[in-house]
Amino acid sequence: MRAAIVMPAVFAFADKVIGDPQVATFAAFGSFAILVLVEFGGPLRGRVIAYLSLACAGAANITIGTLCSRSAWLAAGAMAVIGFVILFSGVISGYVAAGGTAALLTFILAAMVPAPASSVPARLAGWALAAAAGIAAQLLIWPLRVDAPLRSDAARATRALSELAATELERDTRTIADRVQEAGTALRALRARFLATPHKPNGPTGRQAALNSLVDELDWVLSLLAPPEQIPALDVCPNENAAAVAAVVDALRATAATLEGRDEPPDLERLRRTRDVLAKAVVRNILELPPDMGEDAMRATLESSFRIRALSGATEQAAAYALAASGHGVRELDEMLSPQAALRDAERTIAEHANPRDIWFRNSLRGAAGLAIAVYVAQRSGVQHGFWVVLGTLSVLRSNALGTGWSIVSALAGTAAGIVIGSALVIGIGSHEAVLWVVLPFAVLLGSYAPRAISFAAGQAGFTVVLFVLFNIIEPVGWRVGLVRLEDVAIGFVISLVVGLLFWPRGAGALLRENLATSYARNADYVVAAERELVEGAGAASAATAAAAAAHRLDDAYRQSLTERARTDGSATIAPLVAGAARVRRAAQSLSSLAAMTDAHEKLPDCGANLDGEAHAVRSWYVTLGDAIVRDTTVPPRHIPDAEGRRRLVDCVRRALSSGDRTKKRPALDLIWASQHLDALGQMEEHLSRSAARARSRELS
């Protein structure tokens, strides 16, 4: 509705009041680009910056495109460079990715409608008119917040997690299975919305970056809550465990309220306080453990307190992200979410993805090549409306030849339907220009609404009707404009298919295998590096950076694979493996956080050496898992835990705690937590092994 109101008005002003065809053309298509092809969400300041940046980029593209428009080689070369820069820049944030198509349209239109350099001012005037009206309309007429549905889903998921935690606190075994299912369903819905866009919805603002991180943190919270089979015992440190869980329940409920817009901030200080009390209780219990305690009894003794402490920490982190995403200042996150940090993250992200094996790099390269070829072919062939060739290429270019071919069928069918509808309109209306002006808003409404609400083919039909009406107002040629469009877009579709075949005949499936394997390997390396950091103080920064880069590439490959799959059941088998990689990395981050809590001179290397065997065994298994995913072989069973090393660790820690040296208390307790993290990774191996077996024939083929 917004586009149907504003675009015809802008076009009418440019055509009837200004009376310059160049101004009218760029005002019409510029309005369509800003009102239909892009919609930035988030806080007002971020949206204004994004729209103004798009306006500046469009002005630059129009100028360059016009100067190149009279040379096929020059236009194609500029298209290749600008196309790659625009497409690849989308890796920086969701804002940049969202504005890519609109920015590309400005260059395509300028380059494919040959004109002398003297026409640049008129074209820029049309674009300025479109940008001013379009941005004002986006901000003032029914402004949408794209992150609102994500926040709403996050609130529902957080509330479901709070109810699950309350069930554990109440020790209600009758309802825990139902609560686990409800929480899992809510988290899956949140994850599905999060993955619904081709790129993470992060942007140049701290609020969006926090919302992005919140999704992963809530998944980590779920992994730390009670399994459906039983409620783990709270009787080792019953009072302290119960107090910590109660703080978690209240914090999760307050977090959900914050995400819903209510002023009920979670009590982060209470989480920290109950966590410290729990740690002191664990120290007392370790000192009271009998020397001959078996491995199973020892694990049961320490498991609940470890899990609840980790749950408390994850809840605090999730609450902090929710506060930041809701616009509240969070001192702990100010540095991480600052503009300077965003700039550093952008630089690091570009460096991470500048790799021929990266899916974003490949998409950008393929898109730029396809558009450049389309520009050259259209210019050299002399077709009547060459920019339709390029638009046809842009509209259907997908990640692989199969996806592109299916898009071509849909697009051609939609275009044919649009030609029939448009021809009927033009024939019925005849030369009555006033009637065409009346029909234009309804055509724009159809062209704007159909792609999202109906289908890709319906969108092509709607856009074709818009072009019918628009070009018969600018230059009346009757129904023949439809045949010209069909011919031109067919050329563009063929170019798209050829480029898809040449650059990526297999799509994202193969790279998804490789990125899963790489992510597991880098995350496992990070686990070992973090363990050594905890024991000896050795740095783990390089391992953390490599794991983060692998995680980003896996995220992009997974999103790409989801857009390629026609079936909805496929993501159910691959999702556990992707989530497993994230949890291995999260465990490594937790180990690294433990290491940062103690000074280098307070380490206990003699005790910590007992962790080495288990850490390397965990690493070996996860590297083997990745190798099995790539080679499509059977995943080995869970590795045999280092029970003797764990016993030696507990004995060593007990001696350190009983020595009376206060400086040994914190590092000794950290080693126990680290042992529990490694044990949790070992227990997750069985689940991932089953997930990999299910995915072998269905998801990664």
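Return a yes/no flag: does region 195-210 have any residue that is modelled with pLDDT of 80 or more and either crowded, with 20+ Cβ neighbours inside 10 Å or assigned by TED's automatic domain parsing to the domain that holds L44 (or both). Looking through region 195-210, none of the residues is modelled with pLDDT of 80 or more and either crowded, with 20+ Cβ neighbours inside 10 Å or assigned by TED's automatic domain parsing to the domain that holds L44 (or both).
Among the residues of region 48-67, those that are modelled with pLDDT under 90 and either in contact with a strand residue (DSSP E or B) (Cβ under 6 Å, 6 or more places away or on another chain) or surrounded by fewer than 20 Cβ atoms within 10 Å (Cβ to Cβ) (or both) comprise V48, I49. Here G77 does not fit the description of being out of contact with any Pro (no Cβ under 9 Å at 6 or more places or on another chain) and surrounded by 18 or more Cβ atoms within 10 Å (Cβ to Cβ). I need the full set of residues from region 1-33 which are among the small types (G, A, S) and under 20 Å from A59 (Cα atoms), in order please. Within region 1-33, A14, A24, A27, A28, G30, S31, A33 qualify. What are the residues in region 622-648 that are of a type outside the set (V, I, T) and in a loop (DSSP other than H, G, I, E, B), if any? Those that are of a type outside the set (V, I, T) and in a loop (DSSP other than H, G, I, E, B): D632, P636, P637, R638, H639, P641, D642.
Go through the residues of region 648-658 one by one and say whether even a single one is surrounded by fewer than 19 Cβ atoms within 10 Å (Cβ to Cβ), among the polar types (S, T, N, Q) and farther than 19 Å from V528 by Cβ. Among the residues of region 648-658, at least one is surrounded by fewer than 19 Cβ atoms within 10 Å (Cβ to Cβ), among the polar types (S, T, N, Q) and farther than 19 Å from V528 by Cβ, which makes the answer yes.
When you scan region 601-613, do you find a residue that is crowded, with 16+ Cβ neighbours inside 10 Å, under 19 Å from E686 (Cα atoms) and modelled with pLDDT under 75, even just one? No, region 601-613 contains no residue that is crowded, with 16+ Cβ neighbours inside 10 Å, under 19 Å from E686 (Cα atoms) and modelled with pLDDT under 75.
Within region 677-698, restricting attention to residues that are touching a Ser or Thr at 6+ places or on another chain (Cβ under 9 Å) and more than 17 Å from Y622 (Cβ to Cβ), the residue that is surrounded by the most Cβ atoms within 10 Å (Cβ to Cβ) is R696. For R174, state whether it is in contact (Cβ under 8 Å) with a residue 40 or more places away in the chain and not hydrophobic (A, V, I, L, M, F, W, C). When the stated conditions are applied, R174 does not pass them. Total residues in region 12-27 satisfying the condition of being at pLDDT 90 or above and either within 20 Å of T101 (Cβ to Cβ) or aromatic (F, W, Y) (or both): the figure is 3. Does region 13-25 contain any residue that is closer than 29 Å to D358 by Cα and among the aromatic types (F, W, Y)? No, there is no match, as no residue in region 13-25 is closer than 29 Å to D358 by Cα and among the aromatic types (F, W, Y). Testing K664 on (1) at pLDDT 80 or above; (2) in a helix (DSSP H, G or I), one condition comes back false. Which one is that? Checking K664 against (1) at pLDDT 80 or above; (2) in a helix (DSSP H, G or I), the one that fails is (1).
Evaluated against (1) modelled with pLDDT of 85 or more; (2) within 23 Å of M684 (Cβ to Cβ), V215 falls short on exactly one condition, (1). Between R70, R45, the distinction of being assigned to a helix (DSSP H, G or I) and modelled with pLDDT under 90 belongs to R45 only.
The values are calculated or read from the model by the stated rules, or taken from the named source; none is laboratory data. Everything quoted here is computed from the prediction, not taken from an experiment. When we count neighbours, we look across all protein chains shown, and the Cβ atoms used for this are built from the backbone with ideal geometry, even at glycine.
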